[in-house]
Amino acid sequence: MDTRQPARPATMPRVGDVLRLRESDYCYGSGPLTLRVTEMAPETALHPALEWLSLRGVELAGDGDPGPERQVLVRMAALAGYRYRI
């Protein structure tokens with residue numbers, strides 16, 4: 001049995017943070033994604049060994065203009081060492 005835990009970021013993203021994600025870092029990705037976080041799943045704090053984090057946010061275009069709202073599952077390992085508030 002594998003007992004390794006997924007990598008966890010030192011601090012979780014917060015509402016207002018902007019994430020730049022590679023296609024492989026979120027479920028059902030279609031190219032890179034820049035997302036301004038508007039909501040996090042409330043159960044996040046209850047499950048310290050999550051492999052995926054459910055986030056809702058606004059997709060941002062290359063020039064920073066807001067686009068559609070998105071619900072995404074982000075790979076926790078992709079957030080390890082991530083710098084927020086960019």
Subject >> Residue-count net charge about Tyr26 - beta-carbon cut-off 13 Å; Lys, Arg +1, Asp, Glu -1 >> reply: +1
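What ranking, highest mean first, results for peptides 67-74, 54-61 when packing means the other Cβ atoms within 10 Å averaged over each residue?
Details: 67-74: 14.6, 54-61: 17.2.
Sorting 67-74, 54-61 by mean packing, highest first, produces 54-61, 67-74.
None of the figures in this text is laboratory data; all of them are computed from the coordinates on show. Because the structure is predicted, anything quoted here is derived from the model rather than measured. For neighbour counting, all protein chains shown are included, and Cβ atoms are generated from backbone atoms with ideal geometry for every residue, glycine included.
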